[in-house]
Amino acid sequence: MADRITSCSMWLKKGNVQPGDIIGICTSNNLNAVIPLVASLLAEAIPNPWWDAVLTDDTIKHFLNLTKPKIIFSDEMKIKKIKEVVDKTGENIRIVCLGDIPGFESLNHIIENTDPDAMAKFKCEDLKDLQEAAVILYTSGTSGYPKGVLLPYSCLIAEMGPMCETPEIIFRTAGINWITGLMNALVTIGACSTTVIHPNLDEKIILEIVEKYKVCSFVHKVFLILVLT
């Protein structure tokens, strides 16, 4: 995963992404979601995960107008709808598919075409100010369109604990568009732990996953973290 994140971050910089540029991420909960998330941070850009459960044309327009993303990473289910709206607005936004769909630039293609020698020399910039903007998340939008909430690096670092002597197995149902999912994804990477993700859950599957992978913690969309023993 480290190589995939590094490759994506190098591609962002090569694509003239500047410090403070917004990188939209619209995806269901899957392992590829963290690639552009962390890659954006390493490139000094600001990742902006979108609410994706009920993604209407108006909601997409709202997100585009609110943050003006330079690049959008999307999963296969939503990328065509996003492109249609972007084309209608006339915005010049690069759209990358986290999977593989004909006609779209893919994350896999970006990673496969990374120069190994350049990747070995990659170095991220030192953080100069803990109050610098790190991530933009959205509110639930219960009283209107979702509102953007900017989190500084100090907020992310406050959640990071020391590396575990024995890395944990964490079962995460929350995507990175939830504060619980975002923080847990970063904490899991920082602690060298393992995340288990499943696309279609029910009670039986949840119990099977907990038993099969000897799950230590269960992270849900709401502020709920169960520590299993």
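No lab work stands behind these numbers, since they all come straight from the coordinates. Keep in mind it's a predicted model, so treat the numbers as computed, not measured. Here the Cβ positions follow ideal geometry from the backbone for every residue, glycine too, while neighbour counts run over all protein chains shown.
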For this session: Any chance you could check the Cα centroid distance between region 78-140 and region 167-226 for me, in angstrom?
Result: 24 Å
Exercise. Hey, got the dipole for the chain? About the Cα centre, +1 on K and R Cβ, -1 on D and E Cβ, debye to the nearest 20?
Worked result: 340 debye
For this session: Using a/c under 1.5 as the rounded threshold, could you call region 1-160 rounded, prolate or oblate? The axes a ≥ b ≥ c are square roots of the C-alpha gyration tensor eigenvalues, and prolate needs a/b larger than b/c, oblate otherwise.
Result: oblate
Problem set entry | Under 17 Å from the Cα of Lys70 - aspartates and glutamates, other chains or at least 8 residues apart | Asp21, Glu44, Glu84, Asp87, Glu91, Glu105
Seminar exercise, completed: Residues His220, His62 in order from fewest to most other beta-carbon atoms within 10 Å are His220, His62
For this session: List the lysines whose Cα lies under 24 Å from the Cα of Lys214, skipping any in the same chain that are fewer than 8 positions away.
Result: Lys204
For this session: Within region 1-89, report the GluC sites (Glu not before Pro) that DSSP leaves as loop and that have at most 15 other Cβ atoms within 10 Å.
Result: Glu76
Seminar exercise, completed: Rounded to one decimal in nm, the spacing of the 7 Å Cα→Cβ label points at Glu132 and Asn16 is 2.2 nm
Exercise. Of Lys13/Lys121; Lys13/Lys61; Lys78/Lys123; Lys13/Lys123; Lys13/Lys81, which pairs sit farther than 22 Å apart, going by alpha carbon to alpha carbon?
Worked result: Lys13/Lys61; Lys78/Lys123; Lys13/Lys81
Exercise. Which residue, chosen from Leu12, Ile157, Cys216, occupies the Cα position most advanced towards the positive end of the dipole of the chain, where the dipole is computed from +1 (Lys, Arg) and -1 (Asp, Glu) charges on Cβ about the Cα centre?
Worked result: Leu12
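Give, in nm to one decimal, the length gained when the segment between Asp3 and Cys192 is fully stretched (0.36 nm per residue of separation minus the Cα-Cα distance).
Values: separation 189, 0.36 × 189 = 68.04 nm, distance 1.44 nm.
Between Asp3 and Cys192, full extension yields 66.6 nm more.
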For this session: Please give the length that would be gained between Glu211 and Lys147 if that part of the chain were fully extended, namely 0.36 nm times their separation in residues minus their C-alpha to C-alpha distance (nm, one decimal).
Result: 19.2 nm
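Within region 116-205, list the GluC sites (Glu not before Pro) lying in a DSSP loop whose Cβ has at most 10 other Cβ atoms in a 10 Å radius.
Values: sites: Glu125, Glu132, Glu159, Glu165, Glu168, Glu203; in loops: Glu125, Glu132, Glu165, Glu168.
Answer in residue order: Glu125, Glu165.
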Exercise. What is the local net charge at Lys68, summed over the other residues whose Cβ is closer than 10 Å to its Cβ (Lys, Arg +1; Asp, Glu -1)?
Worked result: -1
Problem set entry | Loop-located chymotrypsin sites (Phe, Trp or Tyr not before Pro) in region 120-160, at most 10 other Cβ atoms within 10 Å (DSSP) | none
